[in-house]
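A short write-up of the structure that comes next.
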Amino acid sequence: MGLTRRAAFFCLVAAAPAAAQDVMRMPLVELEATADSLPPAGLYALAARRFREGPRQEAVRWLYVAQLRARFRLAVTPDLPRDGEPALYAALNESVGRPINEWAFGDVDALAASLQAALDWDAAHGNAATPRPGNEAALARIRAGLAEMRETVLASRDRIRQQRTTNGLENR
């Protein structure tokens, strides 16, 4: 988990140095209360901290909030340099997302609930990093993709459990 935390921190520092210090120092409860003001990279760092400090199921929700907001940002700013934010989010998906997802897919029902919780949280909170007005169609597409993933995961429950067993991974 140390590598994930370090990778998330270094990626965040590169993207938003001031936010990095806030994310790493602020108590988690306080950080979560102000999460709508974080850039997507800050949300990934929040997910990494929550995964390390628990409860892990909350980390799953924050990961998908981060992914939703990162995808939305990239969708509405397609001219960003590929070696900037797009590369940052790819690195965060690998360094933070992979271990959280490996754990999350061990309980498909809880994963589906976390995906819905991410959608609900996003709908109920502002987004300081990317304006919603004028970008409603892009946001709707991104949110529909996450909702579709939720349905696919639920429909694939037995296959996911079987594949995890085959791969020696825990099913909870």
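Quick notes on this structure:
- Placing pseudo-labels 7 Å out from each Cα toward the beta carbon at Ala110 and Asn171 gives an inter-label distance of 1.5 nm.
- Note on the chain: with a GNM built from Cα contacts shorter than 10 Å, the maximum mean-square fluctuation among Pro131, Pro81, Pro39 falls on Pro81.
- Net dipole in debye of segment 2-166 [+1 Lys, Arg Cβ; -1 Asp, Glu Cβ; about Cα centre; nearest 20]: 360 debye
- Take every pair of alpha-carbon atoms less than 8 Å apart whose residues are at least six positions apart; their mean separation over the length of the chain yields a relative contact order of 25 percent.
- The Cα-based radius of gyration and maximum Cα-Cα distance (Dmax) for segment 2-166 are 15.3, 46 Å.
- The calculated FRET efficiency for Thr152 paired with Leu28, based on their beta-carbon distance and R0 = 45 Å, is about 0.90.
- Of the GluC sites (Glu not before Pro) found in segment 101-172, those that fall in a DSSP loop while having at most 14 other beta-carbon atoms within 10 Å are Glu170.
- Fluctuation leader among Ser37, Ser156, Ser114 - the chain, Gaussian network, Cα springs under 10 angstrom: Ser156
- Highest-fluctuation residue, Asp79, Asp109, Asp158 considered, GNM on the chain with Cα pairs under 10 Å: Asp79
- Cβ crowding within 10 Å averaged over residues, with 83-93, 24-34, 45-55, 65-75 ranked highest first: 65-75, 45-55, 83-93, 24-34
- Dipole moment magnitude, nearest 20 debye, segment 74-161 about Cα centre, only Lys, Arg, Asp, Glu C-beta charged: 120 debye
- In sequence order, segment 158-172 has phi-based couplings of 5, 5, 5, 4, 4, 5, 5, 4, 4, 8, x, 9, 6, 10, 9 Hz under the Karplus curve 6.51 cos²θ - 1.76 cosθ + 1.60, θ = phi - 60°, and Gly or Pro positions carry x.
Bear in mind that the values in this text are calculations on the coordinates, not laboratory data. Keep in mind the model is a prediction, meaning the values are calculated, not measured. Every residue, glycine as well, gets a Cβ built from its backbone with ideal geometry; the counts of neighbours run over all protein chains shown.
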